[in-house]
1. Taking the Cβ of each residue in 196, 56, 261 as the centre, tally the other Cβ atoms inside 10 Å and list the residues starting with the fewest.
2. If you line up the long axis of helix 34-48 against the longest principal axis of the chain, both from Cα atoms, how many degrees apart are they, to the nearest 10?
3. Quickly work out the residue 219-to-residue 75 label distance, labels modelled 7 Å from Cα along the C-beta direction, and quote it in nm with one decimal.
4. With the cut-off at 1.5 for a/c, could you classify the stretch 170-270 from its C-alpha gyration tensor as rounded, prolate or oblate?
5. Give me the number: length gained by fully extending residue 12 to residue 56, i.e. 0.36 nm times residue separation minus the C-alpha to C-alpha distance, one decimal in nm.
6. What does the extension gain come out to for residue 48 and residue 145, with contour length at 0.36 nm per residue minus their alpha carbon separation?
7. Modelled label-to-label distance, residue 97 and residue 206, 7 Å Cα→beta-carbon offset: nm?
8. How far is helix 204-213 tilted off the main Cα axis of the chain, in degrees rounded to 10, range 0 to 90?
């Protein structure tokens with residue numbers, strides 16, 4: 001006799017009769033008729049070719065085989081309940097790895113504060129980072145290589161349910177050491193300056209020029225394509241040139257007069273940082289916890 005050949009519902013009925021010591025109370029517990037319960041037990045005995053109960057009048061008592069089967073089923077149910085309790089507790093525990101995709105220029109200074117808060121609050125959680133160009137981040141998200149993507153734009157994909165949350169607005173300023181700004185600054189001065197930028201495929205300095213001067217960007221002398229905000233900041237502090245930075249990263253060094261900001265009289269260029277994720281199918285405490293900490297760390301736009 002193999003387990004797959006048995007009707008597990010009949011095992012369940014047998015267990016109820018054994019637990020409640022009779023067909024009447026077992027039938028009431030199971031919501032079945034007495035005849036259905038009696039028939040189920042008799043069918044199970046026939047399938048096993050073993051008598052499970054002694055029947056004396058209306059009384060039923062377990063045979064040796066019935067006691068063995070009852071004991072094993074009780075152990076099985078106890079272990080199953082422990083497993084279910086463990087699963088439920090596991091689901092309620094913030095534990096596991098959060099996979100984060102970030103655009104290459106995302107500030108390590110901002111990221112370090114976020115990760116410190118998250119891992120400090122949830123010590124059983126782990127974080128795995130993946131840096132990639134914007135063009136690749138959407139594919140990583142759709143292919144389940146990352147759980148969240150920090151991006152400069154919301155992501156939309158036909159047929160995919162992506163949730164995009166705008167985290168913060170950041171002003172972008174042109175900054176550098178004082179040696180580069182010794183007189184009123186204009187676009188002709190910019191042509192002579194060494195420029196630190198991010199990506200050759202999409203120069204941020206060109207966006208800054210178009211925003212402030214309403215002209216096509218001239219040929220500029222970009223000396224380093226640094227890719228990351230933090231490297232641009234370090235290069236500016238080391239007087240390697242001028243470059244565009246988020247204002248909140250530049251301000252502490254402006255206060256110490258290590259950096260200066262160009263003021264053209266126009267509102268500053270700005271962009272937004274977004275958090276993109278696939279719409280969850282089931283509740284996930286780990287991802288819910290990380291999302292909550294992200295929104296705590298970054299002020300809503």
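Every number here is computed from the coordinates shown, using simple stated rules; none is lab data. Fair warning: this is a prediction, and the values are worked out from it, not measured in the lab. Cβ sites come from the backbone with ideal geometry, for glycine too, and all protein chains shown count toward neighbours.
1. Numbers: 196 27, 56 8, 261 17.
So the residues, fewest neighbours to most, are 56, 261, 196.
2. For helix 34-48, the angle is close to 90 degrees.
3. 8.5 nm
4. Details: a/c = 1.28, a/b = 1.14, b/c = 1.13.
Rounded, since a/c falls under 1.5.
5. Working: separation 44, 0.36 × 44 = 15.84 nm, distance 2.28 nm.
That pair, residue 12 and residue 56, stretches by 13.6 nm at full extension.
6. Working: separation 97, 0.36 × 97 = 34.92 nm, distance 4.99 nm.
Length difference between fully extended and current span is 29.9 nm.
7. Placing both labels 7 Å along Cα→Cβ, they lie 3.8 nm apart.
8. 60 degrees
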